[in-house]
């Protein structure tokens, strides 16, 4: 269990994390989402004791990271896949980490096998591709067989087979009762991987919920309507509640029952009346839109297109 309470971090005049509180429970994969500059990396660094909070605290199993004896046995983390001496072999890199935390040497070959690097274990890590470096970073996180695992962008550089592997692997870790906390910009992948989400923006908590609840919250009361009498129907709807699509309209703020009753009472024929299920990407853009530091023109246009009319 990871517990953050009132985490705040200032870098000079910059407020990177602002009174942030959340929990990450064992037995589930929890996604950590937020726009660029939201404070995700700073938060992960504070969890691992690499940065000290200005105020507040974060504990792992009730203890701060700095209080853990042989911390690799409790917490495994992948924050920077290239954090490896380029002249060390993959096996040598893991061997010194194991020795520093009194982990049996045999564990090195076990984790190399788990991540599929046995055949290149003796090669210099500096010659690894990004995908291979990611696998080595994951091996390092698993080295102490920890109960808590943190991954920052773990699928970077992986091919589709590798992405599928890491998704299944994280599910397996969670099924074993471990705490798995994953930050990623690949929202489509997070939708398949994480059952829970912690979403932040500008250093503050925006949402902590299940993934299904987060998506449902953004797509609530949005209904697609097709009709040969759209103009008449639109005139009866609340102002600015309808948005044009290629073959109909999206109506927000009314559920399908109310729209159907309105159409029936006015003799309007309907060809489709279907509540919409949003995607994680749509929900993320809608809910975090006000927390993005910088918008390009295309991003602003896309965000407005996904927002329901008010």
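Based on the Cβ-Cβ distance from residue 192 to residue 36, what FRET efficiency comes out when R0 is 30 Å, to the nearest 0.05? It would help to have the intermediate numbers written out before the result.
Working: r = 22 Å, r/R0 = 0.74.
Result of the calculation: an efficiency of 0.85.
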ask   = What angle do you read, to the nearest 10 degrees and between 0 and 90, between the alpha-carbon axis of helix 297-306 and the longest principal axis of the chain?
value = 60
query = When DSSP beta bridges are limited to those with both residues in segment 2-216, what percentage is antiparallel, rounded to the nearest 5?
reply = 55
ask   = Cα gyration tensor of segment 220-275, axes a ≥ b ≥ c as square roots of the eigenvalues: rounded (a/c below 1.5), prolate (a/b > b/c) or oblate?
value = rounded
request  = Starting from the Cα of residue 19, move 7 Å in the Cα-to-Cβ direction to define the label point; list residues of segment 193-217 whose amide nitrogen is under 12 Å from there.
outcome  = 204-205
inquiry  = Using a 10 Å cut-off around each Cβ, can you sort 204, 13 from fewest to most neighbouring Cβ atoms?
reply    = 13, 204
task = Could I have the simple spin-label model distance between residue 159 and residue 236, label points 7 Å from Cα toward Cβ, reported in nm to one decimal?
result = 5.7
query = Spin-label point model (7 Å from Cα, Cβ direction): what's the residue 185 to residue 247 distance in nm?
reply = 3.5
task = Quote the relative contact order of the chain in percent (integer), defining contacts as alpha-carbon pairs under 8 Å separated by 6+ residues.
result = 20
task = With a point put 7 Å past each Cα toward its Cβ, work out how far residue 266 is from residue 229 in nm, to one decimal.
result = 0.9
ask   = Tell me, Kirkwood radius of the chain from alpha-carbon pair distances, in Å?
value = 21.8
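For an R0 of 35 angstrom, estimate the FRET efficiency from the Cβ-Cβ distance between residue 129 and residue 216 and round to the nearest 0.05. Don't jump to the answer; show the numbers that get you there.
Working: r = 39 Å, r/R0 = 1.11.
That gives a FRET efficiency of 0.35.
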remark   = With 0.36 nm assigned to each residue of separation and the Cα-Cα distance removed, residue 257 to residue 209 gains 14.5 nm
remark   = Ordered by fewest other Cβ atoms within 10 Å, a rough proxy for footprinting exposure, 235, 274 read 235, 274
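Before anything else, pin down the relative contact order of segment 220-275: Cα pairs under 8 Å, at least 6 apart, normalised by residue count, whole percent.
Once divided by the residue count of segment 220-275, the mean separation gives 54 percent.
Bear in mind that the values in this text are calculations on the coordinates, not laboratory data. Not measured: the values here are computed from a predicted model. Note that we place each Cβ from the backbone using ideal geometry, even for glycine, and neighbour counts take in every protein chain shown.
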